[in-house]
Amino acid sequence: MNKEDIHLGDTVTAKVKEDMDAQFTGTVQKVYENSALLTITDYDAGDRQNATELNFKIVINFKAIVKNLGGGIPNPEPTPEEDK
């Protein structure tokens, strides 16, 4: 998967052998140069402890993304910060 194909809020399926035993689903929270921060939303029952230890967050390389299910916002507009 390429950086251009991943957007904030996208739901993706991924496989990361080091941290999770089975394929899982997550929502993109942040996009980096070669990786993305995901919130783990769906996982195999055998990975419950792994997901809990990761606090349901994981940084994965784009190469680990199996499928992009979409749903995100392409090129979101930055929101101006409110005066405090």
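Coordinate-derived values only; no laboratory data. The structure presented is a predicted model; accordingly, all values stated were derived computationally and were not measured. Here the Cβ positions follow ideal geometry from the backbone for every residue, glycine too, while neighbour counts run over all protein chains shown.
Numbers for the structure displayed
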{"quantity": "Gain in span if fully extended, D42 to E18, counting 0.36 nm per residue against the direct Cα distance", "calculated": "6.9 nm"}
{"quantity": "Shape box of the chain [Cα atoms, principal axes, largest first, Å]", "calculated": "45, 31, 20"}
{"quantity": "Using a Förster distance of 30 Å, the FRET efficiency for L8-E53 (Cβ separation, nearest 0.05)", "calculated": "0.75"}
{"quantity": "Nonlocal Lys pairs with alpha-carbon distance under 15 Å, the chain (8 or more apart, or different chains)", "calculated": "8"}
{"quantity": "Highest average packing first - 5-11, 27-33, Cβ atoms within 10 Å", "calculated": "5-11, 27-33"}
